[in-house]
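One structure below.
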Amino acid sequence: MSPRVAKALINGLLIGGAAIAIAPLLYMVSVSFMPQGQASSLPPPVLPTHATLDNYRQLFMNAGMGRYLFNSLLISTCITVISLAFNLMAGYAFAKLEFKGRQRIFQVLLGALVIPAQVAMLPLFLLLKYMGLVNTYGAVIVPALATIFGIFLVRQYASGIPNDLMEAARIDGAGEFRIFATIVMPLLKPIMVTLAIFTFLAAWNDFMWPLIALTGQEHYTLPIALASLSREHVQDSELMMAGSVVTILPVLVLFLALQRYYLEGLLIGSVKG
Amino acid sequence: MTTSRAAWWFITPALIVLGVFFLLPVVAALVLSLTDYDLYALADIRNLRFVALENYWALLQRPLFWSALGHTVYFVVVGVPLSMAASLGAAMLLNSPLARFKAFFRTALFAPVVTTVVAVAVIWRYLFNTKYGLVNYAFDSLGIPTVDWLGDPHWAMPTIILFAVWKNFGYNMIIFMAGLQAIPGDLYEAARIDGASAMAQFRHITLPMLKPTMVMVSILTVSGYFQLFAEPYVMTEGGPLQSTTSVLYLMYEEGFKWWNLGSASAVAFILFVIMFVVTAAILRLSKQGAPA
């Protein structure tokens, strides 16, 4: 095969693949602006006859989308901020601080990575029920406040910090918390960004646990609300597409803005062998 | 304060969260699966009885459990290879020196990964709508017989597999790209000088050199695909004729619709054991094969 043909073939396949990957998302945006009923006509329209914001208006005015958006933002932000603090501290300690049982505890955590989260869900529901947390924001936030993956990610990264930095500060009489705040944290900034987007995206997109733990509409996150709406409004494709746009857009924008950090984290996180 | 004392302060918050809200429930799940915890026990804990392995026995005799397991295995066995092939193909295209606009293509191909499953499942449900969907319209225009994608028990699972491949292939694509970049260029150089074809280079250089990456990716993907839940929940509600009811879907219904928490825990544990065995088998097989 001549290089010219090969080049055309490779780039052609890439264009085709990229089209398949993003066409459904573009189509979603287009249908979300269609007037009601247009999506259920033949032939299937590709663009709205006249673009309208009616679907968005209906979602926010009548379907409580504003509330769900607020819930999703609140829950995802709380989880991201607090779990970031917990995972950073723990990951740093496992990497750099000597204490009895360090290896043993870390081994247990790594071993627990093979257990799928769903195994814990049934007793977790009962536990939270006895704690009075079912159907509160806490039911989704609290169990997500630390992750083994996050601790592992930070530990990998923090292992690269030279010990001399901490030793010098210790000789100068700085306490461990001071050292962490003034010396370690600035060095961990890249992994903080990475872990923050990972956590935020995971919290935003999470489905099964919020579906179980949030029993009342007033606490629904966007995915739960969308799933429930889509069961009620099976025929209202335009409305559902607008709901999908509202759900996907925030995370997609976040990813596009910070994708370098996200992709790096993906690689550190999976090369654990 | 000594360093080790401080260290405990650093790890305690995370350990409390993981201990109380993950490890403790996992142990409790094992206990729960040996009881008849149901709606009556939920109302009054005194109704709880220890039933040993009865839940497990009962499950093994239920056709619905076996069909749910069958559907999940179908999803894994067809979905994982397809997904990995798509990932590897895309990674090799992006890695080619002839490819242009790499950053753009990488972002576009990766975009479905960060989207919300529920939201994109809603899109696919519309695209694959029997009457108004674009897919059937395209089929019809090309003279291909249309398919009742999500309404036909034979087609619902393939449609969900297609959806899952589209949604997930970008993740492994990134990992494969890193793996491909780690292969020394000299190897290909030498092969070209020896006159090896592109296919021979792929078989004798790319695949063997990628083996460690392959093993890791297949373990991650198999574990992920065994946890099939949101897709059938949104696209088919486990139907038609329960043809897309997965093991986790069964666990969800058993536990949170019928409140048979004991039996649902047994479902969760069986799934866990199966995942563990399959993962171990992949690791073992990968060690038995020719040394990489």
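The values are calculated or read from the model by the stated rules, or taken from the named source; none is laboratory data. Predicted model only: the values in this text are computed from it and were never measured. Positions of Cβ are generated from backbone atoms using ideal geometry, with glycine treated the same way; all protein chains shown enter the neighbour counts. Remember, those area values only see protein heavy atoms, side chains included, never the ligands or the DNA or RNA. Shrake-Rupley method; radii C 1.70, N 1.55, O 1.52, S 1.80 Å.
Name the residues in the stretch B:59-100 that are surrounded by 14 or more Cβ atoms within 10 Å (Cβ to Cβ), over 22 Å from the mean Cα position of the chain (by Cα), part of a helix (DSSP H, G or I) and aliphatic (A, V, I, L, M), would you?
B:LEU59, B:MET92, B:LEU93, B:LEU94
Does the stretch B:11-22 contain any residue that is assigned to a loop (DSSP other than H, G, I, E, B), out of contact with any helix residue (DSSP H, G or I) (no Cβ under 6 Å at 6 or more places or on another chain) and at pLDDT 95 or above?
Step one: of the stretch B:11-22, the residues assigned to a loop (DSSP other than H, G, I, E, B) are none.
No - not one qualifying residue is present in the stretch B:11-22.
In the stretch A:1-28, how many residues are in a helix (DSSP H, G or I), over 21 Å from B:GLY170 (Cα atoms) and open to solvent by 50 Å² or more (accessible area, probe 1.4 Å)?
Step one: list which residues in the stretch A:1-28 are in a helix (DSSP H, G or I), which gives A:3-28.
Filter once more, so that each one left must be over 21 Å from B:GLY170 (Cα atoms): A:3-8.
Subset that is open to solvent by 50 Å² or more (accessible area, probe 1.4 Å): A:3-5, A:7-8.
Summing the residues that are in a helix (DSSP H, G or I), over 21 Å from B:GLY170 (Cα atoms) and open to solvent by 50 Å² or more (accessible area, probe 1.4 Å) in the stretch A:1-28 gives 5.
Would it be correct to say that A:GLY37 is open to solvent by 30 Å² or more (accessible area, probe 1.4 Å), over 21 Å from A:LEU252 (Cβ atoms) and small (Gly, Ala, Ser)? So that I can check it myself, show each step before the final result.
Details: open to solvent by 30 Å² or more (accessible area, probe 1.4 Å): yes; over 21 Å from A:LEU252 (Cβ atoms): yes; small (Gly, Ala, Ser): yes.
For A:GLY37, the condition - open to solvent by 30 Å² or more (accessible area, probe 1.4 Å), over 21 Å from A:LEU252 (Cβ atoms) and small (Gly, Ala, Ser) - is met.
Considering only the stretch B:24-45, state which residues are more than 17 Å from A:TYR130 (Cα to Cα), open to solvent by 20 Å² or more (accessible area, probe 1.4 Å) and of a type outside the set (D, E, K, R).
B:VAL27, B:LEU30, B:VAL31, B:LEU34
Just checking, which of B:PHE139, B:PHE101 is more than 7 Å from chain A (Cβ to nearest Cβ), aromatic (Phe, Trp, Tyr), over 24 Å from B:PHE176 (Cβ atoms) and out of contact with any helix residue (DSSP H, G or I) (no Cβ under 7 Å at 6 or more places or on another chain)?
B:PHE139
Which residue out of B:ALA121, B:ALA103 is within 22 Å of the chain's Cα centre (by Cα) and assigned to a helix (DSSP H, G or I)?
B:ALA121
How many of the residues making up the stretch A:127-157 are touching a residue at least 40 places away in the same chain (Cβ under 8 Å), within 10 Å of chain B (Cβ to nearest Cβ), assigned to a helix (DSSP H, G or I) and under 30 Å from B:ALA41 (Cα atoms)?
3
Output the helices (runs of 4 or more DSSP H) that fall wholly within the stretch A:158-273 and possess 1 or more residues being under 23 Å from A:ILE82 (Cα atoms), or say none.
Correct list: A:176-179, A:189-205, A:208-213, A:222-232, A:237-270.
Pull out all pairs, ordered by first then second residue, where Cβ-Cβ is under 9 Å, the residues are six or more apart or on different chains, the first lies in the stretch B:193-208 and is without any contact (Cβ under 8 Å) to a residue 60 or more places away in the chain, and the second is part of a loop (DSSP other than H, G, I, E, B) and surrounded by 13 or more Cβ atoms within 10 Å (Cβ to Cβ).
B:HIS204/B:ALA196; B:ILE205/B:ILE183; B:ILE205/B:ALA196
Going through A:ILE191, A:ILE179, A:ILE212, A:ILE224 one at a time, which residue ends up being of a type outside the set (Gly, Ala, Ser), under 30 Å from B:THR115 (Cα atoms), at pLDDT below 95 and open to solvent by less than 40 Å² (accessible area, probe 1.4 Å)?
So the residue among A:ILE191, A:ILE179, A:ILE212, A:ILE224 that is of a type outside the set (Gly, Ala, Ser), under 30 Å from B:THR115 (Cα atoms), at pLDDT below 95 and open to solvent by less than 40 Å² (accessible area, probe 1.4 Å) is A:ILE191.
Would you be able to tell me the number of residues in the stretch B:55-94 that are without any contact (Cβ under 8 Å) to a residue 60 or more places away in the chain and within 14 Å of chain A (Cβ to nearest Cβ)?
Qualifying residue count for the region: 3.
Here is a list of conditions, (1) hydrophobic (A, V, I, L, M, F, W, C); (2) open to solvent by 50 Å² or more (accessible area, probe 1.4 Å); (3) more than 24 Å from the chain's Cα centre (by Cα), and A:LEU126 meets all of them except one; can you say which number that is?
Tallying (1) hydrophobic (A, V, I, L, M, F, W, C); (2) open to solvent by 50 Å² or more (accessible area, probe 1.4 Å); (3) more than 24 Å from the chain's Cα centre (by Cα), A:LEU126 fails exactly one: (2).
Enumerate the helices (runs of 4 or more DSSP H) found wholly within the stretch B:155-259, keeping only those where 2 or more residues are open to solvent by less than 30 Å² (accessible area, probe 1.4 Å).
Fully inside the stretch B:155-259 and qualifying: B:156-181, B:211-226, B:230-235, B:247-252.
Mind counting the residues in the stretch B:111-131 that are open to solvent by 20 Å² or more (accessible area, probe 1.4 Å) and polar (S, T, N, Q)?
Of the residues in the stretch B:111-131, 2 are open to solvent by 20 Å² or more (accessible area, probe 1.4 Å) and polar (S, T, N, Q).
Only one of (1) open to solvent by 10 Å² or more (accessible area, probe 1.4 Å); (2) within 13 Å of another protein chain (Cβ to nearest Cβ) fails for A:GLN58. Which number is that?
Going through (1) open to solvent by 10 Å² or more (accessible area, probe 1.4 Å); (2) within 13 Å of another protein chain (Cβ to nearest Cβ) one by one, A:GLN58 breaks only (2).
Restricting attention to the stretch A:83-105, which residues are facing chain B (nearest Cβ under 7 Å) and within 22 Å of the chain's Cα centre (by Cα)?
A:PHE86, A:ASN87, A:MET89, A:ALA90
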